[in-house]
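A.B. asks: I'd like to ask you about the structure that follows.
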Amino acid sequence: MLDVVVLASGRGSNFAALLGAQQRGELPIRIRALLSDKSAAPALDIARAAGIDAIALAPRDFADRAAFDRALFAHAAQFHPHLIVLAGYMRVIDAAIVNDWHGRMINIHPSLLPKYPGLHTHERAIAAGDATHGASVHFVTAQLDGGPVIAQARIPVLGGDTPDTLAARLLPLEHRLLAASVDAIARRRIALGDNGVEFDGHLLVAPLRLQADGGLRTVG
Ligand code: GRF
């Protein structure tokens, strides 16, 4: 059983997807807490309704970003998680904290990394005329949205797409991609090795790809 702490800044739909899979017995994890930097984040209410510890800290209560991060991750550490999942968590985390959780923290990002790290990813994919867009789950390193990618889900960009329609079509795949990635970690099939992501003991040469059946397959 993988003990997990989730960090979210807003709506929490990715968190809710993990929680739902856990509650249906589809995911061998135990979500121990939901932490947020926004006291009004709906993700907190989802956690409370499920009887999961929900903790929000306000950045303005701390001297600087690093002090906030130290406090938030000290709360996370109290739950002794095997894995921290950033699920719609919108803050850049201090490098010292990231290093403390090396190989034990993942993030879901709505682009086919290394394309479009940062914000407004759907808008940028459309503006670039990309035929394909998607989402990535990656280990978190000090480089923003730059850590080794575990798995990706892909969708076509359609002619009339707006950032909102593209985001809406991608979101359900994000949920399945995140659940599949956490499942692989829980089953000890995925680990961050010295040279990158290892899947079943072999170094991945490309991110795993989400299949229609919800499974992950190697590429190439
Ligand atoms: C998602 O698109 C996620 O990829 C990004 O934040 C968005 C909101 O996620 N990081 P959620 O609904 O709060 O999980």
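The values are calculated or read from the model by the stated rules, or taken from the named source; none is laboratory data. Small disclaimer: the values here were computed from a predicted structure and weren't measured. Virtual Cβ from ideal backbone geometry, glycine too; neighbours counted across all protein chains shown. Side chains are part of the model used for accessible areas, which takes the heavy atoms of the whole protein and leaves out ligands, DNA and RNA. Shrake-Rupley method; radii C 1.70, N 1.55, O 1.52, S 1.80 Å.
A.B. asks: Helix-only mean residue ellipticity at 222 nm, the chain, DSSP H runs n ≥ 4 weighted -39,500 (n - 2.57), per residue, nearest 500. What is it?
C.D. replies: Here the helix-only value at 222 nm equals -9500 deg cm²/dmol.
A.B. asks: Something else about it: Taking Cα centroids, how far is the range 40-70 from the range 83-119 in Å?
C.D. replies: For the range 40-70 versus the range 83-119, the Cα centre distance is 17 Å.
A.B. asks: So what is the relative contact order of the range 2-217, in percent, for Cα pairs below 8 Å that sit 6 or more residues apart?
C.D. replies: Relative CO of the range 2-217 lands at 18 percent.
A.B. asks: If each of ALA131 and HIS102 carries a label point 7 Å out from its Cα toward its Cβ, how far apart are those two points in nm?
C.D. replies: It works out to 4.0 nm between the two label points.
A.B. asks: For the range 133-188, what does the accessible surface come to per residue with a 1.4 Å probe? Please give it in Å².
C.D. replies: With the other protein chains kept in place, the range 133-188 gives 39 Å² per residue.
A.B. asks: Between ALA186, ALA77, ALA21, find the one with the highest GNM mean-square fluctuation for the chain; connect C-alpha pairs within less than 10 Å.
C.D. replies: Comparing ALA186, ALA77, ALA21 in a Gaussian network model of the chain, the most mobile one is ALA77.
A.B. asks: Give, to the nearest whole percent, the P(r) tail of the range 2-217 beyond 29 angstrom, counting all Cα pairs.
C.D. replies: 22 percent
A.B. asks: A follow-up question, please. What shape does the range 139-212 take by its C-alpha gyration tensor, where a ≥ b ≥ c are the square roots of the eigenvalues and a/c under 1.5 counts as rounded, a/b above b/c as prolate, and the rest as oblate?
C.D. replies: The shape class here is prolate.
A.B. asks: Roughly to the nearest percent, how much of the accessible area of the chain is carbon and sulfur, given a 1.4 Å probe?
C.D. replies: The value for the chain is 52 percent carbon and sulfur by accessible area.
A.B. asks: Find how much the distance from ALA49 to MET90 grows on full extension, using 0.36 nm per residue of separation minus their present alpha carbon separation; answer in nm with one decimal.
C.D. replies: Here the answer is 12.5 nm.
A.B. asks: With both bridge residues required to lie in the chain, what share of the DSSP beta bridges run antiparallel, to the nearest 5%?
C.D. replies: In the chain, approximately 50 percent of DSSP beta bridges are antiparallel ones.
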